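Before any comments, here is the structure.
The values are calculated or read from the model by the stated rules, or taken from the named source; none is laboratory data. Worth saying up front: this structure is predicted, and the values here are computed from it rather than measured. Cβ sites come from the backbone with ideal geometry, for glycine too, and all protein chains shown count toward neighbours.
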Amino acid sequence: MTLFSAPFVLLSVMLPLASMVLSCRTEWQRGYRYCLPLLPLPALLLGVAVEPGWWLELPGLLIGGLWGADDLRRAFLVLTAMLWLIGGVFAIGYLKDHHLRRFCVFWSLTLAGNLGLIISLDIASFYSFFALMTFAGYGLVVHEGTDEANRAGRVYLGMAVVGEMAILSGLLMAAQLAGSGLLANLPAAIAGADRQWLIMLLLLAGFGVKAGLPLLHFWLPLAHPVAPTPASAVLSGAMIKAGLLGWLVTLPFGEVSLPGWGNALVILGAVGSLGGALLGVRQQRPKAVLAYSSISQMGLMTLMVGAALANADYAGPLFAVMALYVLHHGLAKGSLFLSTAMALPTSRGGQWLLWLLIALPGLSLAGLPFTSGAASKLAMKELLKPDSFGFAMAPYLPTLMSAGAVATMLLVWRFLWVQRAVAGVGSNPAFMWLGWGLATASSLILFWWLPWPEAVPEKAWLSAMVYEAWSLFWPMLLATVIAALAWRSVKQR
Amino acid sequence: MTPSLLYAFAGVALCGIGLFGFLRLQHLLRKLMAFNLIGSGVFLVMVGLAQRNGQPDPVPQALVLTGIVVAIAATALAVVLIRRYYHLSGQTTLAEPAAKSARPKARSVNREGAPE
Amino acid sequence: MTLWLMAGLLFTPLAWAVLTLMVDFRKGRLVTWLGMAVQVLVSLGLWAAVASDGGFLYLLGGWQAPLGIELRVDGLAVTFVLLTALVAAACGWHASIYLDPGKPWHRYFWPLFWFLWAGLNAVWLGGDLFNLYVGLELISLAAVGLVALGGQADALRAAIRYLMAALLGSLAYLLGVALIYGQFGTLSLAGVTELMNSGDAQSGQTFPLVLMLLGLALKTALFPMHGWLPPAHGIAKSPVSALLSALVVKASFYIAARLWLDLGGELGGFALAQLIGVLGSLAIIWGSWLAFRQTKLKQVVAYSSVAQIGYLFLLFPLTWGVTEAISLQAQQGITLQVISHALAKAAMFLAAGNLIMSVGSNRVDALAGVSRFLPFSLFSFGLAGVSLMGLPPTGGFAAKWLLLQASLASGQWWWLAVLLAGGLLSAAYVFRVYRASFIESTDTDQFYHPSRSLEVIPMILALMSLGLGLVAEPVLSVMSLPFEGGGQ
Amino acid sequence: MTLSVLMPVFALMTSLLASVILFALPEKGYRLRTIINLAAAILKIALVGVMIWGVAHGREYEAAFTMVPGVEFVLRADALSMLFAGLSALLWLLTTIYAVGYLEDSPNRSRFFGFFSLCVASTMGIALAGNLFTFFLFYEMLTLSTYPLVVHRGTTKALRAGRNYIIYTLTGGAVLLFAIAWLHGLVGDLRFQEGGYFSDVDPSLNGPLTIIFVLMMVGLGVKAALVPFHGWLPQAMVAPAPVSALLHAVAVVKAGAFGIIRVVFEIYGLEAAEAMGLLAGLSVVAALTIIYGSTRALYQVDLKRRLAFSTVSQVSYIVLGLCLFGPLGVIGGLVHLVHQGIMKITLFFCAGNYAETLGVHRIDELDGAGKRMPGTSVAFTLGAFGMIGAPPLAGFITKWTMGAGALEVGMDWVVAVLVISSLLNAAYFLPILHRLWFAEQCEPWPHERRWGRLETSAWLLWPPLITATLMVLAGLLANVPFSPLSWAELIVLREVAL
């Protein structure tokens, strides 16, 4: 970290906040809209260009601030900045003049929170940005102002506030034990705590609200669909990951092996990934299907979190895989969400092409070979071998992963199905094309050039996929068969 | 029972009678008379009790003289007031006139003082 | 120097009384202003002299007691002399503007005023029981005359009632004096104390003391003998009410207190002390309650006097059978209470008079909404009320504080409840007046602002009462100065 | 008379003299009155600023003389008093500015500002009081000077509120006086002293001392609005908005809380109070008050009334912080003294703005107000989030420090109280925010007034914006020297001597 970049770091978080100046005058709001994609740009540069391991001390901030990034955070930062950028581009085209200024303000606030929490190394800033993101997110959820949006907003806010409080108490207790205000000291402190269960429960539940943990997920399928589409994309793609990041930076990974917690989380993850799919296939609206898909995907990640908790030795490599998975899922899900707002072109060929491009990120989610999904799935499989883990649920991990893939594929089919029903034909504003195109491109292509964590197993690379193609492919096939059967049975009726 | 004590007891008796009258009588002049009676009683006690060693004590004599002057002054003032009071209200007792003046009184205080 | 001062102090009021008797109101006013200036300066000088050199005994005309008049010029006495000078001067000044020169009988105000002043000085300085009696009578007669100046039947009725009570009280006191003299053969308070301490005399009897206290309590309007006070104080002209409430009732109390402090230890008893204390407490509670219920402004203030006088009588239980230190504390407390009440009540009556003049009615309701005219007098009224409530930093508070301490230290904690409840009750009636003044939405849009000097006088008094708490220490240190032997 | 003696006296005198002058001014002297008001306020800030600087560098300011035998009048500037004095000096300026705008075109301004200054003088006196006696003196003066402000409007409702206010506070004052007198009788005149006096007290005194403590808490608790002595506070919100702001944020409730701090720290001593078991009871009362106030606030439909109940709840944080008898908890309590002041004054300013500009008093009339009055609404939003304890605002610093303090001494249930209270705060503030920003305006404003280009009068707009900024800064820059948090740490370091 060179000296000159300290202002740059500040800029990357402060730019969204500073942009709110544009909201002061009514005449400026039109310009504000065009600024949206610029806001996460410094952060993206920071994530891509700067070497991990830097930090920036801000002693006056709160109760002593420390900002920085490591491998894990870098992946999150890249994803987040990327997705917000794409969302911003898309939003330019998507937004109407209805409460435009308000939307921009909340967008900027949420963005600042989301970026800030990633680069915070101290508890207070982390929590501050987390809260900022949560509360400002409400503005995005209820933006449309419909009754449905308001109801969703209420549920979102209620659960979020409860979650915040759980986090606060958990962090407080952990920080008290650690005797430090830095996140890095928390895991060790929690590992040695007398009331470890309570702290872990609070943190798991608190962040779990954001991460859509089963039973804490109720707000998610309500809120994600009602938000404006670019907001849904960042909600589902980026903000949902903040909960995961919260787990990763606070829970005692790599300190002690906690098989009990591992079991519990694996079960929860399984319930999430399969249950999400089960509920998701019954949804009528594309965005709702996607929201359940997010729950399902987060279930898979919960699975990994459980495994990492259960075995301290595997925590490091698993983190890398999770970072990869996060990157993959965020971009893919962002692209999918954006596509819900796209109108189909009139020409038949164009329609087919568009459907293909819409479906590809979905298939990537399901693990289509040579996609980002395949890379993450393989890396995950490589690590989650039953013989590496000693906890009770370990033997079921491969089965669960395959089941998860089937479930994902089913959801993708379901999404395409309902999307086809609602998609209209018409023209899209150029910025929507651009945003959606960027999303799809980054999910399918750019992904491979993004900075990956170093500890990712080699299997994730393209070269390995050739050998593993079948193992990736059969769940998709299975799911396609089921989907076809279901479609037929519905059609016959 | 020395003569001096006799005086004193007589004085006490006068006081008692006077006090009875003072409290019971309503007519203001009678009250005033009762007051004078008490006064006389007190003077008698003063002179009577102070007969030390059979010798008349000059001090109480002097005091009583002063006292009488004071009493006369007080009586004179009282008489003037009572007369004026009677003149104004036509009453000879202190009893509140029955609600006669409740309202006018309230209004006229700021003017303070009745027309002659 | 002090000789001249004493001469000036005693001579001026009497001389001026005679002088003013001969002229009409306006001339009397001019003459009085001069006299008041002299009187205040002399009192100040005497106070300063005593404060620096200590007290002394003064034989009037050089004649020895018992036939001569012996004056006891100690710290307490000069403090009261000074207080009298200040309050009386303020009231006199106020009266000289307030009273209507057109009424012929107002010319008698000045002689009565000066006689009253002379009587007060005589009482503060008096050293023997009979002279005190004479002083008391002088005060009473002058005061009755002042009340009667109102001229109406109601004023006369109140004056006569007052006169009757005062005369009865005086006689009871005189009878007590006679009995004491019969027993001890001396009239000097110091002499009686000396005789009792040396054990020469057979142990005294309580009866004469009780008789004297009874008479004085009647004149001080201790509950339940307070019936004469509210009508008299309520109906009199405001400056007169101020004089009566501030000074006149204090004179008889002063004598009672002196008697008690000198003789009470021997002749009094626990039961008597407590009984008086209880009566005082009842006066506080009942007086405040009645003050709260009054509809006329000056009646509120008058009943407040009844309540405030109740505090004074707590002196009796708090000085009987306690250590020297506690007794001193109680005495200091009561002295402060006397002074602060004198200042505050004078301010209150004068302010009430101004307010009545301003709104043209003597009812509390008539004050509705007047605070928007920023009546200066209302502010003075409020400041004085603060002192009555016993809130800091007023003299009333300092007094209450000392009394609280004394009752705690003597273990008589029950007076605490009385003191605190009394403060709250007085808040109730003061705020009732205040509250009325804040009512908006009334049709009062006429407000007559009295002349500046009328408004300034109560303010000065109220501020003095307020500031007394801040300077209580130096004031009290002068009060406690003993008088040194029989020096001239 | 050196400067160190004169400084506290000057600080007191600025507003006292201002008050006298203001009373003397004619009603029509608007401009002059404003100038005097602002000049006095700025002068006071300067004086307090100098003293803060001095105290931070170890200087002492003290003025004392004997009032009544055995009792001294002491004005003293120490770190603790500067915390309160700084707060009140700063907020006085803002409130004065606000009041000038708020009372534009309304009658009785001379009276109002006179008593207003008097009220601030009392507050300053409370802050600078060097012993219990002096404290009590100004404590009662505060009661009296706020009464005319509470009943300022002169309506039946205001008068009733004023009566209740007086009954509560004077009774509380009497109880306090009793306790102070008793304590004085037991141990003599006690100056506030670091670490208190009773760390090695004769055990036989424990009984009386306990009773005295309870009495003092009752007496002070009335002003601090501890349940069940809070009844006057929600009623007193009928007063004009600047008064409510002052009452709730700086003067009255804080005087009570500050008194509790003084008594616990510097008379009893934290350790002694804990050893006697006094703090446990107090903490339960404080916790109950926090929960009770928040719960009642939920059901209020009047905006200012909701804020008033919120005050009931928030002020007890200060008390609760003290009961945590560890350095962190104490810091949390102390810092909340300032934080709550800034946050609550912001909220009341905003509530006043809504009432004054739009005629809106009820929460359900606020729909869409954010669009009409963005500046005010932003300030209100920040204030509300501060109250909830959302980071990085001032309220979060309080909650965090207190929570850490509670855990430090093993009083884990306090964390639960904090969490519940935050949830309740969120429950009653967030719906308001939703209405402000996301609800569409359905009906015209009840009494709208226009001020040209600005959303409301500049006099009304700037104070809440400034306090909101301060609140954000107090949270964001909590670790900077001279921030409330740092100052509280300094106090704990110096005074409490834990």
Original post:
Give me the pairs: first residue in region C:179-191 and more than 7 Å from chain B (Cβ to nearest Cβ), second residue surrounded by fewer than 20 Cβ atoms within 10 Å (Cβ to Cβ) and assigned to a helix (DSSP H, G or I), beta-carbon distance under 6 Å, and six or more apart or on different chains, which are they?
Top reply: C:Phe184/C:Leu195; C:Leu189/C:Asp262
Original post:
Is there any pair linking a residue in region C:437-453 that is at positive phi to one that is in a helix (DSSP H, G or I) and modelled with pLDDT under 80, with Cβ under 6 Å and at least six apart or on different chains, and which?
Top reply: none
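Would you point out which residue out of D:Gly172, D:Gly114, D:Gly125, D:Gly162 is assigned to a helix (DSSP H, G or I), modelled with pLDDT of 90 or more and over 24 Å from D:Arg76 (Cα atoms)?
Details: D:Gly114 fails: modelled with pLDDT of 90 or more; D:Gly125 fails: over 24 Å from D:Arg76 (Cα atoms); D:Gly162 fails: modelled with pLDDT of 90 or more.
Residue meeting the stated conditions: D:Gly172.
Look through region C:314-349, keep the residues that are of a type in the set (Phe, Trp, Tyr) and more than 27 Å from C:Ala90 (Cα to Cα), and return whichever of them is modelled with the highest pLDDT. Working first, answer last.
Kept after step one, since they are of a type in the set (Phe, Trp, Tyr), are these residues of region C:314-349: C:316, C:320, C:349.
After this cut, where a residue has to be more than 27 Å from C:Ala90 (Cα to Cα) as well, the list is C:316, C:320.
Working: C:Phe316: 89, C:Trp320: 84.
It comes out as C:Phe316.
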**OP:** With respect to D:Glu104, determine if the residue is within 24 Å of D:Leu17 (Cβ to Cβ), among the charged types (D, E, K, R) and in contact (Cβ under 8 Å) with a residue 60 or more places away in the chain.
**Re:** no
Subject >> The lone exception for D:Lys157 - which of (1) assigned to a helix (DSSP H, G or I); (2) more than 9 Å from chain C (Cβ to nearest Cβ); (3) in contact with a Leu (Cβ under 9 Å, 6 or more places away or on another chain) it fails >> reply: (3)
Subject >> Wholly within region A:197-263, helices (runs of 4 or more DSSP H) carrying at least 1 residues that are touching an Asp or Glu at 6+ places or on another chain (Cβ under 9 Å) and under 15 Å from A:Gly137 (Cβ atoms) >> reply: A:219-226
Subject >> Hits in region D:268-296 - residues which are of a type in the set (A, V, I, L, M) and outside any helix (DSSP H, G or I) >> reply: D:Met276
Subject >> Scope region D:386-417; condition more than 9 Å from chain A (Cβ to nearest Cβ) and aromatic (Phe, Trp, Tyr); matching residues >> reply: D:Trp413
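Residue by residue, here is whether (1) in contact with a Lys or Arg (Cβ under 7 Å, 6 or more places away or on another chain); (2) in contact (Cβ under 8 Å) with a residue 60 or more places away in the chain; (3) within 14 Å of another protein chain (Cβ to nearest Cβ); (4) not in a helix (DSSP H, G or I) holds:
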| site | (1), (2), (3), (4) |
| --- | --- |
| D:Leu47 | no, no, no, no |
| D:Met51 | no, no, no, no |
| D:Gly58 | no, no, no, yes |
| D:Ala64 | no, yes, yes, yes |
| D:Leu75 | no, yes, yes, yes |
| D:Leu91 | no, yes, no, no |
| D:Leu94 | no, yes, no, no |
| D:Ala99 | no, yes, no, no |
Subject >> Test: C:Gly169 is crowded, with 24+ Cβ neighbours inside 10 Å and either touching a residue at least 40 places away in the same chain (Cβ under 8 Å) or more than 8 Å from chain B (Cβ to nearest Cβ) (or both) >> reply: yes
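Every residue in region A:61-81 that is touching a helix residue (DSSP H, G or I) at 6+ places or on another chain (Cβ under 6 Å) and part of a helix (DSSP H, G or I), please.
Initial filter on region A:61-81 (touching a helix residue (DSSP H, G or I) at 6+ places or on another chain (Cβ under 6 Å)): A:62-63, A:65, A:67, A:69, A:72-81.
A:Leu72, A:Arg73, A:Arg74, A:Ala75, A:Phe76, A:Leu77, A:Val78, A:Leu79, A:Thr80, A:Ala81, listed by residue number.
Looking for whichever is more than 7 Å from every other protein chain (Cβ to nearest Cβ), touching a residue at least 40 places away in the same chain (Cβ under 8 Å) and either over 18 Å from C:Ile284 (Cβ atoms) or not in a helix (DSSP H, G or I) (or both) here; the options are C:Ser407, C:Ser387, C:Ser377. Which one fits? Lay out the reasoning, then the answer.
Values: C:Ser407 fails: either over 18 Å from C:Ile284 (Cβ atoms) or not in a helix (DSSP H, G or I) (or both); C:Ser387 fails: either over 18 Å from C:Ile284 (Cβ atoms) or not in a helix (DSSP H, G or I) (or both).
When all the criteria are applied, what remains is C:Ser377.
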Subject >> Hits in region A:139-157 - residues which are closer than 14 Å to D:Leu433 by Cβ and either surrounded by fewer than 24 Cβ atoms within 10 Å (Cβ to Cβ) or within 8 Å of another protein chain (Cβ to nearest Cβ) (or both) >> reply: A:Gly139, A:Val142, A:Asn150, A:Gly153, A:Arg154, A:Leu157
Original post:
Looking at region A:95-128, which of its residues are over 22 Å from A:Arg25 (Cα atoms) and surrounded by fewer than 24 Cβ atoms within 10 Å (Cβ to Cβ)?
Top reply: A:Leu121
Original post:
Tally time: how many residues in region D:63-104 are under 14 Å from D:Ala241 (Cα atoms) and β-branched (Val, Ile, Thr)?
Top reply: 4
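Which one of these is crowded, with 24+ Cβ neighbours inside 10 Å, in contact with a Leu (Cβ under 6 Å, 6 or more places away or on another chain), within 20 Å of D:Gly333 (Cα to Cα) and at pLDDT 85 or above: D:Gly221, D:Gly256, D:Gly293?
Details: D:Gly221 fails: in contact with a Leu (Cβ under 6 Å, 6 or more places away or on another chain); D:Gly293 fails: in contact with a Leu (Cβ under 6 Å, 6 or more places away or on another chain).
Only one candidate qualifies: D:Gly256.
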**OP:** Report yes if A:Val289 is among the β-branched types (Val, Ile, Thr), surrounded by 24 or more Cβ atoms within 10 Å (Cβ to Cβ) and touching a residue at least 24 places away in the same chain (Cβ under 8 Å), otherwise no.
**Re:** yes
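Considering only region A:158-174, state which residues are among the small types (Gly, Ala, Ser) and within 7 Å of another protein chain (Cβ to nearest Cβ).
Taking region A:158-174 and keeping what is among the small types (Gly, Ala, Ser), we get A:158, A:160, A:163, A:166, A:169-170, A:174.
The one that is among the small types (Gly, Ala, Ser) and within 7 Å of another protein chain (Cβ to nearest Cβ): A:Ser169.
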Subject >> Conditions (1) facing another protein chain (nearest Cβ under 8 Å); (2) modelled with pLDDT of 90 or more; (3) surrounded by fewer than 24 Cβ atoms within 10 Å (Cβ to Cβ); number of the one not met by C:Asp154 >> reply: (2)
Original post:
Can you find a residue in region C:67-87 that is assigned to a loop (DSSP other than H, G, I, E, B) and more than 14 Å from chain B (Cβ to nearest Cβ)?
Top reply: yes
**OP:** Output the residues belonging to region D:425-463 that are out of contact with any Leu (no Cβ under 6 Å at 6 or more places or on another chain) and among the acidic types (Asp, Glu).
**Re:** D:Glu440, D:Glu443, D:Glu455
Original post:
Does any residue in region D:418-435 that is within 13 Å of D:Tyr299 (Cα to Cα) and facing another protein chain (nearest Cβ under 7 Å) come within less than 9 Å, Cβ to Cβ, of a residue that is β-branched (Val, Ile, Thr) and surrounded by 21 or more Cβ atoms within 10 Å (Cβ to Cβ) six or more places away or on a different chain, and which pairs are these?
Top reply: none
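Please work out which residue is nearest to the chain's Cα centre (by Cα), limiting yourself to region D:456-485 and to residues that are over 19 Å from D:Ala99 (Cβ atoms) and in a loop (DSSP other than H, G, I, E, B). It would help to see each step written out before you state the result.
Filtering region D:456-485 down to residues over 19 Å from D:Ala99 (Cβ atoms) leaves D:469, D:471-485.
Now drop any that are not in a loop (DSSP other than H, G, I, E, B), which leaves D:477-483.
On the way: D:Leu477: 22, D:Ala478: 20, D:Asn479: 22, D:Val480: 23, D:Pro481: 22, D:Phe482: 19, D:Ser483: 17 Å.
So, considering only residues that are over 19 Å from D:Ala99 (Cβ atoms) and in a loop (DSSP other than H, G, I, E, B), the one nearest to the chain's Cα centre (by Cα) is D:Ser483.
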